[in-house]
Amino acid sequence: MSEHRVNLTINGRGHAATVEARMSLGDYLRDEAGYTGVHLGCEHGVCGACTVIVDGRAVRSCLMLAVQADGSEVTTAEGLADGDGTLHPVQQVMREEHALQCGFCTPGILMTLAALTGGQEKADEATLMNSLSGHICRCTGYQGIRRAARRLAADSGQ
Amino acid sequence: MNAQQLPQGLGAARYIGQRVLRKEDPRLLTGRGQFVDDISLPGMLHCAFARSAIARGNILNIDTSAARDMPGVHAVYTQADLAHFNAQMLSFFLLPPEVEMTPLASDRVCYVGEPLALVVADSRALAEDAASLIEVEYAELDPVVTLADARNGPPIHPGTSDNIAAEMGDEELDDDLAATLNGAAHLVTQKVVHQRISQAPMETRGVVASRDGNEELTLWITCQSPHMIARWVSQSLGLPQTAIRVIAKDVGGSFGLKNHPWKEEVSVILAALLFGRPLKWIEDRYEALTASNQCREAEMTLQAAFDAEGHLLASHGDYACNNGANPQGPDNNIAVHMFVWGAYKMPAYAFLTRGYYTNTNGLAAYRGPWAIESLIRETLLDRAARKIGIDPVEIRRRNLVTLKDQPSVSSMGIPREDITPAECMEKLLHHFDLAAFRKEQAAARAEGRYLGFGLATYIEPTGSAGSMPVMTGELAQIRIEPTGKVTATMSTHSQGHGTATTMAQIIADRLGVAYEDVTVFEGDSARGGFSPGAAGSRQGVIGGGAAISAADLLAAKVKTVAAHLLNASAETITIDGGTVHVTGAPEMSRSLGEIAAIAYGEPDRLPPGCESGLEVQHRYQPPPMTFTSAAHACVVEVDADTGFVKILRWISSEDCGTVINPAVVEGQISGGLAQAIGMVLLEEMPFDARGNPLSATFKDYLLPAISDIPEFEFVPANTPSQALGGMRGVGEGGAIIGPPTLVNAIADALIPFGELPEPLALPLTPTKLLSVIEGRDLAAHSAPAPVVVAAAAPATEPAPAAAAPAGEVRVDGAWDMVLKTPMGPQGMVVTFAVDGNAISGRFDSPEGSQDFIGGTLEVNRVRFDLKVEKPMKITLKYDLQFDGDSLSGKCKMGMFGSAKVSGTRKV
Ligand code: FES
Ligand code: FES
């Protein structure tokens, strides 16, 4: 098993580590860096729970190796809210729309919505819904998630 | 927020009935939840299992040497190492199984995936590596996989004479019943074959076990009640002297799967006791799908006799379910029969019900385990209505028990006092204009679009307590802290239910404090008292009652203490917004904090004999059962080209009594409905003939996504129950009433093509629906299908007037044609032969040749179907316009949509 040095920024803080080549970014974020808000629901790229933002884009961290994230900026659910605890708009809308029950799928959904509404180009409602079809929630029946996405699209004027 | 009047004299409410923001959400939205895999202890090691590769056989040898020798591996255990603990596997009702069952397989295996050995290693990856090095030699036996195998095959468990795990009812039909059934004006029989389902909570199973000294054991485990786990483990291990503490703060869904530990969790606990270091096991999704317990696989035949006007006369049910090899309790699902006609005026019912052992994963609970009763009854009623020639609404109006028919007792002995399915249905129909829909449906059919309306009604037993050992009351312990803030410890537990929110709403209202000032603790067996947690739609009903009564007791104490301190009478004291008021004397108001500080710190100032502090506990014992009633309706469109079902509307009219938090209640119903939609359209856990599970990933086991689930509309139909506070349970209902609602809508949509195939076998995949639409079995892969099949002329579609051709129309002969497929343009030569208005011909392309017949010619429009077998079975529907030496049009390619066609006469 080969070991590799990686340097990356997670939620604004620098991390240096030695990781096995086979370690996924998701496992690294959870087990080595301590960001247990990254949830692993399938570890084969279908459920979307493990989604994090890597260099501005939503990525399934179970399908990316930690070594591939060398030099990247990573954001997890822990890094969305402001330092003073003010929730990110995506978190706030999800809360107001009761878009979660057990909360297991939630971090992935937050990161996808944040990636698509946080940059220069704001996604429209159809794009958000399409992207959300890659997230499985077994609890809510998606009612609140859909309402939240609609509000985010409306707020961004799309 | 507006105050609302509560039923049962509960007075004004500020929080009950409101969409209050959840207490659980701030931590879950910021990645700060605490799920079992988030627990890490010093010195903790990781576990993985070696599992059986065969479904049935004897173990000749397990060679663990290579695994043991692997660097990073600390131990490898087999049942031989764990046997001395004598751990007893137990059911939900804490009873031992009737067949031998050990945590790890001992000398035989009885399903693929059964755990054989446990590896303890530095990391999960290393443990998995080592587990794959364990070699097992078996003497394999032919497995018993299906219900038919179980009926006819050899008994799978030694010491048993057949595969019947549990049985009730009569094999012989009573003469009177038989006479009524056979002599009735209408006898309708419905058969349902329900597929196997995986509960599939998004968080898989997992446990962290830590032996703390010789007399303490701490478990973090994903579960439905830490109290239930503590009780189960203590009885299973016979360790009453050991203090067992179970912690489960956040749980990522459960739906019945995590009622109590099973083989893997027990093995990890025993290994932790043996090895002495904390051990963690987190199931991966492959294991969750292939080795966890499963549910729902069953067959049922229901006969119902009606008089000429469609009134029910008698019924018989024959049910069998697959228990797997090691069910969490042998199960014949008697509840199916108890409730199948519970909401209907059914004079006589008899049944036969059986559970069978097979060499498959064990049966565990899943949201509304008896739900097949509603599926089979409600689909039977729709078929009966069509047969008798009345409307689906009308057949229910004639047979449902209304409030006027109560109190009464069902033919199965279920007392009915306040069920309202008929009233829910009328409210639903007030909201949904069925006559207008029928017009829309007829218009759509004329355009070749197939809309359907589905209706279902049901009742559901909820909040049951007092009749089964673990189904107890619920405990609330509430205290006003010396600071004036309120903390409550509840026996409830949330796997997404939001009980910390709903219980806080109740407590805040009843105590007269702000919701923000109430904190609810649950999820730790060291706090509070026993309850089975989320099982049987009970927490809102019973936990809610406990919160009300404990809060009322505490408010009474505050009033006594305040009256004494303020020299007023207790009746003049009110508590509001965290302040204690004396009626008519505003200057005497005191904050709760001031009163509390005295109650704890200055006992001398309390009334004589008054216990110091402001703490109260109460265990609420509800009525034995509380019924929830509902009517649901949905509208679907079935695409006749693809067999895909699109759900256009879904309306829920549900009597769930007092609603504590509408967002939570709607969330429960919606989640259940999504699971129902999954069961009807998508989800399936099949096995091959050797007992190998065939859905091993989420690419095989299809869970509904946001694009599969419509918006749900909620029509209020609430009447308070007789439980304290008037709540009725809503945890399971969506999963029970959803399947028949959707199946009925699909059947209604496809009426122009005939009835759904018998038996009704779930899931209703596009292939199955297309088979109805095309009138042939598209699933029969093995049958050699003829290359050319006569196409049914699309008679159901009225032909739009063909555009008058500009030039001469001559279809005969060879044409160069290009089909623009999603994969790129495909060229071919098509030769048409015209005989009057009939068209036949031949396709030639580099891939081969194919003939077709059965096409039609109208003026210059040619339509024909080409049924191709490669690369997949699909019907290509061509619709072409000819104009001189050119042709144009489209080709509908099943689920792949339409492609453009163009062509020129071959010269
Ligand atoms: S855990 Fe990565 S997609 Fe499911
Ligand atoms: S909230 Fe439980 S899986 Fe989405």
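Taking the Cα atoms only, what angle lies between the long axis of helix B:499-511 and the longest principal axis of chain B, rounded to 10 degrees? Rounded to the nearest ten degrees, it is 50. For segment B:823-863, the residues whose backbone nitrogen is under 14 Å from a point 7 Å from the Cα of B:Arg776, taken along Cα to Cβ, are B:851-855. Residues in segment B:369-375 carry Karplus couplings, in order, of x, 8, 4, 4, 4, 6, 4 Hz; the curve used is 6.51 cos²θ - 1.76 cosθ + 1.60 with θ = phi - 60°, and Gly or Pro positions show x. Projecting label points 7 angstrom from Cα along Cα→Cβ for A:Thr86 and B:Ile853 puts them 7.7 nm apart. In summary, the lysines within cross-link reach of B:Lys404, defined as a Cα separation below 27 angstrom excluding same-chain residues under 8 places away, comprise B:Lys345, B:Lys427.
Here B:Arg398 sits with roughly 70 square angstrom of accessible surface, probe radius 1.4 Å.
A cut-off of 5 Å between modelled amide H atoms, ignoring neighbours fewer than 5 places along the same chain, links B:His186 with B:Phe306.
Axis of helix B:662-681 versus longest Cα principal axis of chain B: the two differ by about 40°, to the nearest ten degrees.
How much area per residue is accessible in segment B:285-442 when the probe is 1.4 Å and only protein heavy atoms are counted (Å²)?
Details: 4710 Å² over 158 residues.
Normalised by residue count, the accessible surface of segment B:285-442 is 30 Å².
When only alpha carbons are used to place a centre, segment B:34-68 and segment B:447-524 end up 37 Å from one another. Counting every C-alpha pair in segment B:474-620, the share spaced more than 17 angstrom apart comes to 58%.
For chain B, the longest principal axis of the Cα atoms and the long axis of helix B:434-446 meet at an angle of about 30 degrees. Ranking of B:Ser467, B:Ser123, A:Ser2, B:Ser537 by solvent-accessible surface, largest first: B:Ser467, A:Ser2, B:Ser123, B:Ser537 (1.4 Å probe, protein heavy atoms only, all chains present). Within straight-line reach of B:Lys439, meaning a Cα separation under 17 Å, sit the following aspartates and glutamates at least 8 residues removed in sequence or on another chain: B:Asp391, B:Glu447, B:Glu637, B:Asp748. Using the Karplus relation 6.51 cos²θ - 1.76 cosθ + 1.60 with θ = phi - 60°, the per-residue 3J(HN,Hα) values for segment B:731-743 come to x, 10, x, x, 6, 8, 8, x, x, x, 4, 6, 4 Hz, with x marking Gly and Pro.
Using only protein heavy atoms and a 1.4 Å probe, how much accessible area in total is buried between A and B, to the nearest 100 Å²?
On the way: alone 8330 and 35270 Å², together 39600 Å².
Using a 1.4 Å probe on protein heavy atoms, the buried area is about 4000 Å².
Between amide H atoms placed 1.01 Å from N, distances below 5 Å from B:Tyr701 occur with B:Ala696, all of them 5 or more places distant or on a separate chain. A Förster radius of 41 Å, combined with the Cβ-Cβ distance separating B:Asp700 from B:Asn152, puts the computed FRET efficiency at roughly 0.90. Estimated from the Cβ-Cβ distance and a Förster radius of 60 angstrom, the FRET efficiency linking B:Glu309 and B:Ala838 is about 0.80. Rounded to the nearest 500, the helix-only mean residue ellipticity at 222 nm of chain B stands at -7000 deg cm²/dmol, with each DSSP H run of n ≥ 4 adding -39,500 (n - 2.57). By the scheme Lys and Arg +1, Asp and Glu -1, what is the net charge of all other residues having a beta-carbon under 12 Å from that of A:Ser72? Overall, the nearby charge balance is -2.
Computed on chain A, with alpha-carbon pairs under 8 angstrom and 6+ residues apart, the relative contact order is 23 percent. Amide H contacts of A:Ser24 (H built 1.01 Å from N, in plane; Pro and chain starts excluded): A:Ala66 sit under 5 Å, all sequence-distant by 5 or more or on other chains. Just check chain B against the gyration tensor rule for me: Cα atoms, a ≥ b ≥ c as the square roots of the eigenvalues, rounded for a/c under 1.5, and otherwise prolate or oblate depending on whether a/b exceeds b/c. Prolate shape, in that a/c is at least 1.5 and a/b is the bigger ratio.
Summarise the accessible area of chain B (1.4 Å probe, protein heavy atoms) by the percent that is carbon and sulfur. Could the numbers behind the result be given before it?
On the way: 17640 of 33350 Å².
Here carbon and sulfur together make up 53 percent of the probe-accessible area.
Note on exposure: B:Met228, B:Met168 ranked by accessible area (1.4 Å probe, complete protein assembly) read B:Met168, B:Met228, with the most exposed listed first. Separation of segment B:198-240 and segment B:743-760 by C-alpha centroid, Å? Spelled out, the Cα-based centre of one part sits 46 Å from the other. So if R0 is 22 Å, what FRET efficiency would B:Ala442 and B:Glu711 give, r being the distance between their Cβ atoms, rounded to the nearest 0.05? After rounding to 0.05, the efficiency reads 0.30. When both segment B:580-654 and segment B:380-413 are represented by their alpha-carbon centers, they are found 35 Å apart. Each Cα pair under 8 Å and six or more residues apart adds its sequence gap; the mean of these over the residue count of chain B is a relative contact order of 12 percent. Bridging of B:Lys768 to lysines at a Cα separation below 26 Å is possible for B:Lys191, B:Lys387, B:Lys646, B:Lys699, B:Lys867, B:Lys870, B:Lys873, B:Lys877, B:Lys890, B:Lys892, once same-chain residues fewer than 8 apart are set aside.
Report the trypsin sites (Lys or Arg not before Pro) located in segment A:1-96 that are in a DSSP loop and have at most 12 other Cβ atoms inside 10 Å of their Cβ, or state none.
Values: sites: A:Arg5, A:Arg13, A:Arg22, A:Arg30, A:Arg57, A:Arg60, A:Arg95; in loops: A:Arg22.
For trypsin sites (Lys or Arg not before Pro) across segment A:1-96 that sit outside H, G, I, E and B with at most 12 neighbouring Cβ atoms in 10 Å, the list reads A:Arg22.
Buried on complex formation within segment B:277-323 (loss of at least 40 square angstrom of accessible surface versus the isolated chain, 1.4 Å probe, ligands and nucleic acids ignored): B:Arg285. The simple spin-label model puts a point 7 Å past each Cα toward its Cβ; for B:Ser591 and B:Asn567 those points are separated by 2.5 nm.
The values are calculated or read from the model by the stated rules, or taken from the named source; none is laboratory data. Quick caveat, the model's predicted, so the values are computed rather than measured. Methodologically, a virtual Cβ is constructed for each residue, glycine included, from the backbone with ideal geometry; neighbour enumeration extends over all protein chains shown. Note: accessible area is taken over every heavy atom of the protein model, side chains too, but ligands, DNA and RNA are not part of it. Shrake-Rupley method; radii C 1.70, N 1.55, O 1.52, S 1.80 Å.
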